[in-house]
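Notes for the one structure printed next.
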Amino acid sequence: MLLVAALAVGHRDQIRARAERALGSGMPDREAALARGFVLGEDEGIDAATTEDFRRSGLSHLLAVSGQNVALLALLAMPLLALLGMPLRTRLLWIIAAIAIYVPLAGGGPSIVRAGVMGALTLLATFAGRRGSRLYGLAIAAIATLAIDPRTGSDVGWQLSFAAVLGILAIGQP
């Protein structure tokens, strides 16, 4: 089992390295670093001045992978799969698979895992013809992330991710 996990991680790392190269192909270094930050959450290559510009403008959250990435993936995939003639239920399953692939490629951090679980649950609710529950999705995401790694509950990033979404759910209108 440990060998299978090691091979899966190695394969994921190879795919991620290819994605990093592809996101930088044909772009100036600054824009390539931003693309890798937007898509993969890899912000190490972004220069300090650009990071500060994003922070001052209130857009630093764009440099971290999160729910917006999962939503964008689904929003882009849905019409493309429709153009291929796929029925809605088939498209939903393909998008859930895409999320399952994207989350580890984006680093598998607490916010992207939470977003991936919540996004997949929302799509599953749609697949079942039901309305998704945001609070239920958040609770299942917490249980799933803690089941994967119980130590993640002490991670400040995990705590902030869940606190932020809980705050959005409490304050925001449905």
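The values are calculated or read from the model by the stated rules, or taken from the named source; none is laboratory data. Note that the structure is a prediction, hence the values are computed from the model and not measured. Glycine gets a Cβ as well: all are built from the backbone with ideal geometry, and neighbour counts include every protein chain shown. The area values use the complete protein model at the heavy-atom level, side chains included, leaving out ligands, DNA and RNA. Shrake-Rupley method; radii C 1.70, N 1.55, O 1.52, S 1.80 Å.
Consider the range 69-92 and keep the residues that are farther than 19 Å from M118 by Cα and among the small types (G, A, S). The one that is surrounded by the fewest Cβ atoms within 10 Å (Cβ to Cβ) is G85.
Among residues of the range 158-174 being of a type in the set (S, T, N, Q) and modelled with pLDDT under 90, the one that is surrounded by the fewest Cβ atoms within 10 Å (Cβ to Cβ) is Q173.
The residue pairs whose first member lies in the range 29-41 and is closer than 13 Å to I112 by Cβ, whose second member is of a type in the set (G, A, S), and whose beta carbons are closer than 7 Å, counting only pairs six or more residues apart or on different chains, are L40/A19; L40/A106; L40/G107; G41/A64; G41/A106; G41/G107; G41/G109. For the range 141-158, which positions are polar (S, T, N, Q) and in contact (Cβ under 8 Å) with a residue 24 or more places away in the chain? Hits for the range 141-158 are T145, T152. Within the range 41-53, is even one residue open to solvent by 60 Å² or more (accessible area, probe 1.4 Å) and either of a type in the set (F, W, Y) or at pLDDT 90 or above (or both)? Scanning the range 41-53, I find no residue that is open to solvent by 60 Å² or more (accessible area, probe 1.4 Å) and either of a type in the set (F, W, Y) or at pLDDT 90 or above (or both), so the answer is no.
Filter the range 58-98 for residues that are closer than 23 Å to G45 by Cβ, part of a loop (DSSP other than H, G, I, E, B) and among the small types (G, A, S) and give the result. The answer is G58, A64, S66.
The condition (being over 14 Å from the mean Cα position of the chain (by Cα) and without any contact (Cβ under 8 Å) to a residue 24 or more places away in the chain) is satisfied by just one residue among L72, L83, L124, L138: L83. Tell me whether the range 150-162 contains one or more residues that are hydroxyl-bearing (S, T, Y) and not in a helix (DSSP H, G or I). So far as the range 150-162 goes, no, none of its residues is hydroxyl-bearing (S, T, Y) and not in a helix (DSSP H, G or I). Within this structure, G129 fails the test of being of a type outside the set (A, V, I, L, M, F, W, C), out of contact with any helix residue (DSSP H, G or I) (no Cβ under 6 Å at 6 or more places or on another chain), assigned to a helix (DSSP H, G or I) and loosely packed, with under 12 Cβ neighbours inside 10 Å.
For the range 99-126, the candidate set comprises residues that are part of a helix (DSSP H, G or I) and small (G, A, S); within that set, the residue that is most open to solvent (accessible area, probe 1.4 Å) is A100. A64 passes every criterion in (1) at pLDDT 85 or above; (2) within 18 Å of the chain's Cα centre (by Cα); (3) open to solvent by less than 70 Å² (accessible area, probe 1.4 Å) apart from (1).
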